[in-house]
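Following: one structure in structure tokens, then a few remarks.
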Amino acid sequence: MNRVIITILFIGSVMPSIATANDCTYWRQQINQVSRWSNNGGNADQQRRLQKQKSYLQSQLAKCQGTTPGPISVARGQPSNTTSYTPINHLRSDNKDAELQQLIATCNRWIDISNNNATFENQSTRDTACRAATNKEALLKNPKHTSEIKIKRSIKDCIKPNNIIDHEVKACMQGLKEPDWNATKN
């Protein structure tokens, strides 16, 4: 009987320390309190002191959570040239669309640049330019059905007085209606 009581007392005395060891809310509450004090303002010395205290509390929270960072490693020496880069061939298309051909020319220019100087920026720009060309070619091969208005006149030529745009203005832009509202009255 005495052993059971002693065991229960021992477990009861150990459990709260285990619970508080894994519960890091105390440190979070302290950090929040210091943040509130800091947000209330103060002179430079007070703010510096609060920031120092907040840094200390954050390190204690990291220790509590078990996320304390290890020592910082510093890389020394020359960068290695072990990164391999495979040159890419030029993009070509039989489609004679002028916009597509311009996009392909831009893509091929960036292919040449990235093949000669394989930096991240050059490869990224190359990829963007070539993506635009391949997307345009795919769109030309399989056009989407759009209800785009075929513009025959600019909006400047068709807009009504006081910058009003309505169905008549749209019809004017399509060339279906004359902009008689812009005619000067004599």
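Over 22 Å between Cα atoms: which of 141/177; 96/141; 156/177; 96/136 fall into that group?
141/177
Once both labels are modelled 7 Å past Cα along the beta-carbon direction, what's the residue 101-residue 138 spacing in nm?
Computed distance between label sites residue 101 and residue 138 equals 2.4 nm.
Each reported figure results from applying straightforward, stated rules to the coordinates on display, with no laboratory input. In this text, all values refer to a predicted model and were calculated from it rather than measured experimentally. Backbone-built Cβ (ideal geometry, glycine too); neighbour counts: all protein chains shown.
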